[in-house]
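The values are calculated or read from the model by the stated rules, or taken from the named source; none is laboratory data. The structure presented is a predicted model; accordingly, all values stated were derived computationally and were not measured. Positions of Cβ are generated from backbone atoms using ideal geometry, with glycine treated the same way; all protein chains shown enter the neighbour counts. When the accessible area is computed, the model is the full protein with side chains, heavy atoms only, and any ligands, DNA or RNA have been set aside. Shrake-Rupley method; radii C 1.70, N 1.55, O 1.52, S 1.80 Å.
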Amino acid sequence: MVWLALLMVIVVRRGEGQVVQNFYGSTCPNVEQIVRQAVQNKLSQTFITIPATLRLFFHDCFVEGCDASVMISSPSGDAEKDAQDNLSLAGDGFDTVVKAKQAVEAACPGKVSCADILALAARDVVVLAGGPNFNVELGRRDGLVSKASRVDGNLPSPNFDLNALTSIFAKNGLSQTDMIALSGAHTIGASHCNRFADRLFSSSGADSSLNRAYAEQLKQACPRNVDPNVVVQLDPTTPNTFDNVYYQNLIDGKGLFKSDEILFTSSASKSTVVEFANDGGEFNAAFVAAMRKLGRVGVKTGRAGEIRRDCSAFN
């Protein structure tokens with residue numbers, strides 16, 4: 001009877017948001033190639049495709065789980081994408097998923113969720129930027145809820161300390177090592193000046209953990225009362241390449257956000273930063289493991305979700 005009870009537990013757990021590789025093997029066997037081609041087409045228009053799509057995946061999974069709820073557009077402006085923390089999400093990330101969905105629908109109508117397309121696109125942009133390739137588990141359904149009110153407090157802030165960062169990732173089943181590895185996504189992308197201005201201009205001067213020469217460069221790029229549209233690269237060394245230089249920058253005091261630099265200045269995380277800085281292979285392996293775990297957060301299957309015809313609207 002014990003084995004029967006154990007079997008029942010396993011069956012129940014498999015029904016709770018399981019994702020698997022090759023989920024569309026019989027219903028849309030070419031889905032990965034179709035999405036990859038759409039991402040490449042979008043990248044040929046603008047490099048912003050890469051950081052925008054990766055960030056979109058992260059913001060989606062941390063609110064309601066990986067269910068493409070961040071894609072929903074609300075006529076009343078109260079969907080996830082309308083929340084303050086999501087207003088800086090670049091339109092190119094959304095457009096990448098929309099274009100990929102259109103291409104997939106042309107080949108396999110009504111078979112592939114927007115959530116799975118976003119997960120595939122996030123992997124593809126990492127690879128296209130020179131990062132590691134990895135298999136993406138699939139089988140997500142698109143969520144049925146998207147509310148701006150559910151975003152606040154569920155995304156990390158540029159000013160978080162190590163405890164706050166570790167806690168918000170742990171809430172999603174991710175370890176501190178996962179958090180440090182996923183922070184490595186800041187090896188590409190850019191930020192508006194107002195997200196880190198407090199590190200440059202305070203009554204006591206620039207943040208002491210900032211490299212002095214780097215702080216001066218940032219002040220020139222982002223002076224007081226700068227145009228709010230001005231952006232600065234997150235990685236000042238290799239901004240368009242997915243690599244481990246982000247961690248080398250942290251050791252040099254060139255972490256743009258407080259939440260970046262704190263990974264090196266905190267004793268509990270410093271050794272991991274040094275390890276990733278010294279060994280790109282270690283970082284790649286940790287990043288892949290963390291991305292696969294992230295992709296399982298809050299997954300909906302069966303009647304808990306749907307396969308949207310249009311990623312921006314519920315069916």
Averaged per residue, what accessible area in Å² does the range 217-315 show with a 1.4 Å probe, protein chains only? 48
In the full protein assembly as shown, how much of S88 is accessible to a 1.4 Å probe, in Å² to the nearest 10? 50
Helix 31-43 against the longest principal axis of the chain: what's the angle in degrees, Cα atoms only, rounded to the nearest 10? 30
Could you size up the charge dipole of the range 102-143 around its Cα centre, putting +1 on the beta carbon of Lys and Arg and -1 on that of Asp and Glu, and report it in debye to the nearest 20? 60
Which order do you get for D78, D124 if you rank them by accessible area with a 1.4 Å probe, largest at the top? D78, D124
The size of the Cβ-based charge dipole (Lys, Arg +1; Asp, Glu -1) of the range 87-195 about the Cα centre, to the nearest 20 debye, is 220
Under 5 Å from the placed amide H of A190, counting only residues 5+ away or on other chains, we find L234
Given a 1.4 Å probe and heavy atoms of the protein chains only, how would you sort F57, F160, largest accessible area at the top? F160, F57
Picking from L200, S69, G139, whose Cα lies most toward the positive end of the charge dipole for the chain (charges on Cβ: Lys, Arg +1; Asp, Glu -1)? G139
Could you compute how much accessible surface R150 exposes when probed at 1.4 Å, giving the result in Å² to the nearest 10? 110
Can you send over the solvent-accessible area of I48, 1.4 Å probe, protein chains only, in Å² to the nearest 10? 80
Hz values of 3J(HN,Hα) by residue in the range 268-285 - Karplus curve (6.51, -1.76, 1.60), Gly and Pro given as x: 5, 10, 4, 5, 5, 4, 4, 4, 5, 5, 8, 9, x, x, 5, 4, 4, 5
The chain: angle of helix 91-107 to the longest principal axis, Cα-based, in degrees nearest 10: 20
One finds the C-alpha centres of the range 143-158 and the range 248-278 to be spaced, in Å, by 27
Quick one: pull the percent of accessible area on the range 138-267 belonging to carbon and sulfur, 1.4 Å probe, ligands and nucleic acids left out. 46
Nearest 10 degrees, 0 to 90: what angle lies between the long axis of helix 49-61 and the longest principal axis of the chain (Cα atoms)? 70
Identified option (computed Rg/Rh (Cα atoms, Kirkwood Rh); candidates [x] 1.01; [y] 1.35; [z] 0.98): [z]
